[in-house]
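What follows is one structure encoded as structure tokens, with my remarks underneath.
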Amino acid sequence: MIVRIKNNLIDFIRTYKGKFKTIKNTEIFPHQICNFSKIPIPMKDNFLFKLSKICIEESNEEKALELSKKIFKNMSININNLSEFYNTNSKILSNYEADITFLPWIHFRPIKYRDVNFKVFDDEEYQYLQFKKIFDLVQSIIKYGYLPEKFPTRQGGISGYFLLKDNKKVFYVVSGNHRVAVLSCLFPDKKIPVVFENLKTAKKKEIEDTIFEKSRIHPEYFSYEDIANWPSVKSGFIDENCAKVIFLKYFN
């Protein structure tokens, strides 16, 4: 079965390179992935990765679900605001709830939209949906290989961008959290093909109060060296030290 999985991945990469020539793409190792949604977390600790491992080892959906419930049971978040979420001393961020969206390299200030993925900490129905996505993905990739057309996205594949500090770079996944978790679990030593985030099909709420309102060009990376020019810092909403703390959370 492992040989078949590897052959399917090779076939996918060939297909991927041919189908997305118009989209800038690259490849990343699983250990470079730094987040689930806006939550800073390495892939090895990502609950989607843990669910993937269960679903690979247990092909019976009912049994896999029971095992997965233990993962969800051990998940909790006892954080009241953005300042606590990012472990900063920012008084201004303490005025915003933890699930409010805010990335200082993109946003001028926290926006009004909440991160729906925070439901995973206390919503059983949402937890089941996460399990179901992972289980179906695992079964599909094992049987057919990774076929993006079976899991279409606006971006054309797993998408995101790099965060850079000195000689180290991590990859921030914008779309494809489930796929990248399954591929990381199935092929831990293989590079995963991804596309850089683009804004051609972005929704209004995705660019509201961001640097993209005037320019629909999404950078391939954001650098620690450019913190002084980030919108939230340049506007005076937070200072450089606060921005640095937030940025470095994704490098732990």
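Residues in region 41-82 that are surrounded by fewer than 20 Cβ atoms within 10 Å (Cβ to Cβ) and closer than 24 Å to T101 by Cβ: 10 in all. Is region 160-178 home to any residue that is modelled with pLDDT of 90 or more, closer than 30 Å to E57 by Cβ, of a type outside the set (D, E, K, R) and part of a helix (DSSP H, G or I)? Yes, that holds for at least one residue. In the set (1) touching a Phe, Trp or Tyr at 6+ places or on another chain (Cβ under 7 Å); (2) under 17 Å from K38 (Cα atoms), the condition left unmet by K165 is number (2). Taking L186 as meeting all but one of (1) surrounded by 17 or more Cβ atoms within 10 Å (Cβ to Cβ); (2) in contact (Cβ under 8 Å) with a residue 24 or more places away in the chain; (3) closer than 24 Å to D99 by Cα, write down the number of the exception. Going through (1) surrounded by 17 or more Cβ atoms within 10 Å (Cβ to Cβ); (2) in contact (Cβ under 8 Å) with a residue 24 or more places away in the chain; (3) closer than 24 Å to D99 by Cα one by one, L186 breaks only (3). A single entry from F251, F247 fulfils the requirement of being under 19 Å from the mean Cα position of the chain (by Cα), at pLDDT 85 or above and over 16 Å from T101 (Cα atoms): F251. Consider region 217-228. How many of its residues are outside any loop (DSSP other than H, G, I, E, B) and loosely packed, with under 12 Cβ neighbours inside 10 Å? Qualifying residue count, region 217-228: 2.
Each residue in region 121-144 was checked for being surrounded by fewer than 20 Cβ atoms within 10 Å (Cβ to Cβ), of a type in the set (A, V, I, L, M, F, W, C) and either in contact with a helix residue (DSSP H, G or I) (Cβ under 6 Å, 6 or more places away or on another chain) or modelled with pLDDT under 95 (or both), and 2 pass. Taken over region 192-210, the criterion of being part of a loop (DSSP other than H, G, I, E, B) and either modelled with pLDDT of 90 or more or in contact with a His (Cβ under 8 Å, 6 or more places away or on another chain) (or both) is satisfied by E197, N198, L199, D209. Before we move on, is D115 in contact with a helix residue (DSSP H, G or I) (Cβ under 7 Å, 6 or more places away or on another chain), touching a residue at least 12 places away in the same chain (Cβ under 8 Å) and under 20 Å from Y250 (Cβ atoms)? Considered against the rule, which asks whether it is in contact with a helix residue (DSSP H, G or I) (Cβ under 7 Å, 6 or more places away or on another chain), touching a residue at least 12 places away in the same chain (Cβ under 8 Å) and under 20 Å from Y250 (Cβ atoms), D115 comes out as no. Per the conditions (1) touching a Lys or Arg at 6+ places or on another chain (Cβ under 6 Å); (2) under 30 Å from S235 (Cβ atoms), the sole criterion not satisfied by I71 is (2). The lone criterion from (1) assigned to a helix (DSSP H, G or I); (2) exposed (fewer than 15 other Cβ atoms within 10 Å of the Cβ) left unmet by K214 is number (1). Counting only helices (runs of 4 or more DSSP H) that sit completely within region 53-149, those holding 3 or more residues that are under 30 Å from E225 (Cα atoms) correspond to 82-85.
The values are calculated or read from the model by the stated rules, or taken from the named source; none is laboratory data. This structure is a prediction, so every number in the text was calculated from the model and none was measured. Don't worry about glycine lacking a Cβ; one is built from the backbone with ideal geometry, like all the others, and counts go over all protein chains shown.
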